[in-house]
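Engineer: Quick one: this structure, given as structure tokens, is what I'll be asking you about.
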Amino acid sequence: MTKHLLAAALLSALAMNVHAEEAKPGWTGAGEFGLVVSSGNADTSTVNAKLGLKHEGERWVHEGSVQALRAESDEDVTAERWEVTAKSGYKINEKSYTYGAYRHEDDNFAPFERQTIVSIGYGRQVIKTDATELSFEAGPGYKWVDPASTEFDSQGEGVLRGNASYKHGFNESTSFYNQFLVESGQDNTFVQNDIGVQVKMFERLALKAALVARHNTDVEAPIKKTDTLTTINLVYGF
């Protein structure tokens, strides 16, 4: 309960800092959905969905996302995960900013059934042009985890969080992105890399192919350290 109250307090404090100057720009976002179903020798289905929102003003940038994944094979659930993220950043100048970030994840097929991470840090926009964006973030945080094994109690530890984000538009319809996240603590280091290509089909509708790789350095058998997810999603921007 304490960890959720702390996370809620941080997000509330960040939200209260929205300056009146941000009333002019509106929210932007995108919704994604992907579904794969096969039948015959084996009946399988996989569904994944994501909703992301962003609000950028002269000084503050707020963004968040909700995403879910579920897979079944012959009526057995083989993957089930949902994740919520939120981040608010304050621009120091054109290239530098400070931020507060929150990430909560539930995963029934991971080393940690439930984990919550709250962090603060410094970010820098290294490249920002009409075609290309590159930024880096780093800072301290704290992680609470509930191990998948009932033999272990819930635990918490300090972590260092790092993030690198790269986007490049080849033309008006085709773009490439790569998002890298690391949360490193004494007991475990979590690394995630999300890479993909998006092709716009209409003004608001696009098709995206992506590969997400996730790695934990400390796991209990038979859970594997690395898992990957390949998706082809329809994306609706607004």
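FYI, it's all coordinate maths here, none of it is from the lab. Owing to the predicted nature of the structure, the values given are computational and were not obtained by experimental measurement. Glycine gets a Cβ as well: all are built from the backbone with ideal geometry, and neighbour counts include every protein chain shown.
Engineer: Determine the dipole magnitude for the range 54-146: charges of +1 sit on the beta-carbon of Lys and Arg, -1 on that of Asp and Glu, nothing else is charged, the reference point is the Cα centre, and the result goes in debye to the nearest 20.
Structural biologist: Result for the range 54-146 is approximately 840 debye, rounded to the nearest 20.
Engineer: Further, regarding this structure: Tell me, which longest segment in the chain has none of the GluC sites (Glu not before Pro) that fall in DSSP loops with at most 13 further Cβ atoms within 10 Å?
Structural biologist: Formally, the longest exposed-site-free interval is 1-57.
Engineer: I want the local charge near Leu51. Using Cβ-Cβ distances under 12 Å, sum +1 for each Lys or Arg and -1 for each Asp or Glu among the other residues.
Structural biologist: -1
Engineer: What is the magnitude of the charge dipole of the range 118-238 about its Cα centre, with +1 placed on the Cβ of each Lys and Arg, -1 on the Cβ of each Asp and Glu, and no other charges, expressed in debye to the nearest 20?
Structural biologist: Roughly 560 debye for the range 118-238.
Engineer: Between Phe109, Phe176, Phe202, where does the largest GNM mean-square fluctuation fall for the chain, given springs only between Cα atoms within less than 10 Å?
Structural biologist: Phe202
Engineer: Next question. Between beta-carbons, use under 9 Å as the cut-off and find the net charge around Asn188, counting Lys and Arg +1, Asp and Glu -1.
Structural biologist: Local net charge: -3.
Engineer: Let me ask something else. With θ taken as phi - 60° and the coefficients 6.51, -1.76 and 1.60, list the Karplus ³J(HN,Hα) couplings across the range 83-99 in order, rounded to whole Hz; mark glycine and proline as x.
Structural biologist: Per-residue couplings from phi come out as 8, 10, 10, 8, 8, 10, x, 10, 6, 6, 8, 5, 10, 10, 7, 10, 8 Hz.
Engineer: Test of understanding: what is the full-extension gain from Arg204 to Glu94, defined as 0.36 nm times their sequence separation minus their Cα-Cα distance?
Structural biologist: Value of the extension gain: 36.7 nm.
Engineer: Still on this structure: Using the Karplus curve 6.51 cos²θ - 1.76 cosθ + 1.60 with θ = phi - 60°, what ³J(HN,Hα) values do you get for each residue of the range 219-232, in whole Hz, with x for Gly and Pro?
Structural biologist: 9, 9, 4, x, 5, 7, 5, 10, 9, 10, 9, 10, 10, 10
Engineer: Using a Förster radius of 35 Å, what is the FRET efficiency between Phe109 and Glu56 based on their Cβ-Cβ separation? Nearest 0.05, please.
Structural biologist: Using R0 = 35 Å, I get an efficiency of 0.50.
Engineer: May I pose another question? Once amide H atoms are built 1.01 Å from N in the peptide plane, which residues 5 or more positions from Lys95, or in another chain, come under 5 Å H to H?
Structural biologist: Excluding prolines and chain starts, which carry no amide H, there are no hits.
Engineer: If one computes the Cα centroid of the range 49-77 and of the range 115-137, what distance in Å separates the two points?
Structural biologist: Taking the Cα centre of each part, the range 49-77 and the range 115-137 sit 18 Å apart.
Engineer: List the residues, sorted by chain then number, that are 5 or more residues from Thr217 or on another chain and whose placed amide H is less than 5 Å from its amide H.
Structural biologist: Thr189
Engineer: Would you calculate a helix-derived [θ] at 222 nm for the chain, using -39,500 (n - 2.57) for each DSSP H run of n ≥ 4 and dividing by the full residue count, to the nearest 500?
Structural biologist: Calculated at 222 nm, the ellipticity per residue is -2000 deg cm²/dmol.
Engineer: Over 23 Å between Cα atoms, which of Lys54/Lys224; Lys143/Lys225; Lys54/Lys208; Lys128/Lys225; Lys87/Lys143; Lys91/Lys128 qualify?
Structural biologist: In this structure, Lys54/Lys224; Lys128/Lys225 lie more than 23 Å apart at Cα.
Engineer: Using the Cβ atoms and a cut-off under 12 Å, what net charge is assigned to the surroundings of Gln67, where Lys and Arg are +1 and Asp and Glu are -1?
Structural biologist: Local charge sum for Gln67: -2.
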